[in-house]
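Below is one structure, written out as structure tokens; the observations come after it.
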Amino acid sequence: MSSRRRHSQQGFSLVELMITLTLGLVISGAIIQVLVSSSVTNKLNQAVAQVQESGRFIMGRLSAEFYEVGRYDQVTANVDTSVDIVAEAAYVQNHPIVVPGDFTTNTALGSIQATSGGSDKLVVSLLGEEDCTGSQHSYAQGSEFHVVNHYFVSGNTLKCTGYDGRVLRGLKTQTVSPVTVTLLDNVESFQVQFGVSGNITSSQGQAVTYVTADELEDLRALNQQVVSLRWALMLKSYQNEVRQTQAQKYALLNEAAKTMDTAHYYQVFSKTLALRNMKNFVRSSQ
């Protein structure tokens, strides 16, 4: 009787303990693997969502601002008439895209095709109540004037500086200093191309070729005008723990492909936009 009690009180054997520990390790490892995989997936999903949200925002903003490039309405707009608005209209419509040398008081200001894969610079002219920074440059509320916006990347930040085109042309004394604002962080690259029409005396306002900023001055001399913009932005995620398994290559417009790191998520956003004001201007110039 006592022998049976002693036998029933015995614990696990060494083999049973080893099997139990092994099973525990296998199960724990599987759980850890699932948690790690879930964490990696979650970080990637967050990075994708952040980049796509930023991309939608900046492409929407730039599209709205670029639609107005070359606009000058002398009929329905409330234009400030402290300068000759007929001459100003001709200047804006013939210089929708600014190149270095266009402005007497700031000859360096203009659209630039960057070298060695750097980000381009874009400078545009239009009629507006305020520049890209929201500045009205001391004009009366609701009055429109020659606005000049300069888009560029500094570090990894897309910025814009707004100017009074009348000051740049030497027609007005500067009373409000130009302001620079940040449009978006984590911009890896900003590239621009310009759709140019044929000679405006016979063109229908369609782009016949796409060129870079360094070609615009010569084409302008041939009486060809920019009627569309094509731009691309490469954005990267804020998180640096994405841990992608393979480095990806990205090519923006005319630029050579770049291999990026695996610790961030990258995405390219691009758009081609017809400048409706310039297309109408070219058609009416025949």
Alpha carbon centre of region 41-79 versus region 92-154: separation in Å?
-> 17 Å
Hey, in the GNM for the chain with a 10 angstrom Cα cutoff, which one of Val226, Val147, Val208 fluctuates hardest?
-> Val208
What is the distance, in nm, between label points placed 7 Å from the Cα along the Cα-to-Cβ direction at Leu273 and at Tyr67?
-> 0.9 nm
Stretched out fully, how many nm does the piece from Thr104 to Glu130 gain, at 0.36 nm a residue minus the Cα gap?
-> 7.2 nm
In region 181-265, what GluC sites (Glu not before Pro) fall in a loop by DSSP, with at most 16 other Cβ atoms inside 10 Å?
-> Glu241
Per DSSP H run of n ≥ 4, the term is -39500 (n - 2.57); total these for the chain, divide by its residue number, and report the mean residue ellipticity at 222 nm rounded to 500 deg cm²/dmol.
-> -10000 deg cm²/dmol
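No value in this document is a laboratory result; all are computed from the given coordinates. All of these numbers come straight from a predicted model, not from anything done at the bench. Reconstructed Cβ throughout: ideal geometry from the backbone, glycine too, with neighbour counts over all protein chains shown.
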